[in-house]
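J.: This structure is in structure tokens; I'll ask about it shortly.
The values are calculated or read from the model by the stated rules, or taken from the named source; none is laboratory data. All figures in this text were calculated on a predicted structure; none of them were measured in a lab. Ideal geometry is used to build each Cβ from the backbone, glycine not excepted, and the neighbour counts take in all protein chains shown.
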Amino acid sequence: MARPQSPDYDKRRAAILEAAAALYARNGFPGASVADLAKACSSSKSLIYHYFPSKDDILYAVMAEHLDALTEAAEAACESGGAEDRLRALTVAFMRLYASAQNHHKVLLNELDRLPPERRADVVAKQRRIIAAAESVIAEIAPGGGTRVNTMLFFGMINWTHTWFDPAGPFMPEALAMRVVEIMQRGVTPQAS
């Protein structure tokens, strides 16, 4: 008979992933053991293994769940409105998620090569769905070529904010998103008010 799931299973699993993301972002995946994670969670290694069969499964879950949230946000942002409205919604959604999941994003960008090939392929497929959503909006805003380059420039502006952006600072994610949209639409030259 299978052991019943505890009522707080999802909450505990999420807490393990939050602690793992922080640990892997700070120490790197190879520099953080399951024992370190158990200590960070104030639990035992056996409890960690109850939720995740292996350390690789934890790394995959940190990345996959972050990408699933980004995919869901991208799909919701791209459902209605004109192209410029969708670009604003998409950028704001991404920046909010990046600001609230900086450790997850850092792990995704820095540790992808640590995943086994089949898991890495799954993560890359999720990334491609997100890129395709942005690319379709950018193609509408600037038809006539250069869409792929413009899309990669867009992600270049937002993907590395985890290295310098302070969510507790004076600049909110929404304001940063609007600046990115302005640059995408008009370039870096300030527009006259």
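J.: Any idea which of (1) more than 13 Å from the chain's Cα centre (by Cα); (2) at pLDDT below 95 is the one residue 118 doesn't satisfy?
T.: (2)
J.: Something else about it: All but one of (1) assigned to a helix (DSSP H, G or I); (2) over 26 Å from residue 32 (Cβ atoms) hold for residue 109; state the number of the condition that does not hold.
T.: Against the list (1) assigned to a helix (DSSP H, G or I); (2) over 26 Å from residue 32 (Cβ atoms), residue 109 comes up short only on (2).
J.: Restricting to the stretch 58-99, and then to whatever is without any contact (Cβ under 8 Å) to a residue 40 or more places away in the chain and among the acidic types (Asp, Glu), can you tell me which residue is nearest to residue 21 (Cα to Cα)?
T.: The qualifying residue nearest to residue 21 (Cα to Cα) is 72.
J.: Could I ask something else about it? Among (1) touching a helix residue (DSSP H, G or I) at 6+ places or on another chain (Cβ under 7 Å); (2) without any contact (Cβ under 8 Å) to a residue 40 or more places away in the chain; (3) surrounded by 14 or more Cβ atoms within 10 Å (Cβ to Cβ), which single condition is residue 15 missing?
T.: (1)
J.: Name the pairs: first residue in the stretch 25-36 and assigned to a loop (DSSP other than H, G, I, E, B), second residue basic (Lys, Arg) and surrounded by 17 or more Cβ atoms within 10 Å (Cβ to Cβ), Cβ to Cβ under 7 Å, at least 6 apart or on different chains?
T.: Sorted first by the residue in the stretch 25-36, then by its partner, the pairs are 29/114.
J.: Let me ask you something else. Name the pairs: first residue in the stretch 100-125 and within 20 Å of residue 14 (Cα to Cα), second residue modelled with pLDDT under 95 and in a helix (DSSP H, G or I), Cβ to Cβ under 6 Å, at least 6 apart or on different chains?
T.: 102/162; 105/98; 105/162; 106/162
J.: Restricting to the stretch 38-56, name every residue that is surrounded by 16 or more Cβ atoms within 10 Å (Cβ to Cβ) and either acidic (Asp, Glu) or farther than 21 Å from residue 119 by Cα (or both).
T.: As a first pass, look at the stretch 38-56 and keep what is surrounded by 16 or more Cβ atoms within 10 Å (Cβ to Cβ): 38, 40-41, 43, 48, 50-52, 55.
Those that are surrounded by 16 or more Cβ atoms within 10 Å (Cβ to Cβ) and either acidic (Asp, Glu) or farther than 21 Å from residue 119 by Cα (or both): 38, 40, 41, 43.
J.: How many of the residues making up the stretch 96-119 are among the basic types (Lys, Arg) and more than 13 Å from residue 58 (Cβ to Cβ)?
T.: 2
J.: When you scan the stretch 82-95, do you find a residue that is under 30 Å from residue 30 (Cα atoms) and either at pLDDT below 95 or surrounded by 18 or more Cβ atoms within 10 Å (Cβ to Cβ) (or both), even just one?
T.: Yes, because at least one residue in the stretch 82-95 is under 30 Å from residue 30 (Cα atoms) and either at pLDDT below 95 or surrounded by 18 or more Cβ atoms within 10 Å (Cβ to Cβ) (or both).
J.: May I pose another question? Considering only the stretch 158-176, I want to know if a residue exists there that is at pLDDT 95 or above, in a helix (DSSP H, G or I), within 24 Å of residue 18 (Cα to Cα) and among the β-branched types (Val, Ile, Thr).
T.: No, the stretch 158-176 has no match at all.
J.: Collect the residues in the stretch 112-132 that are assigned to a helix (DSSP H, G or I) and in contact with a Leu (Cβ under 7 Å, 6 or more places away or on another chain), keeping them in residue-number order.
T.: Within the stretch 112-132, 114, 120, 123, 126, 127, 130 qualify.
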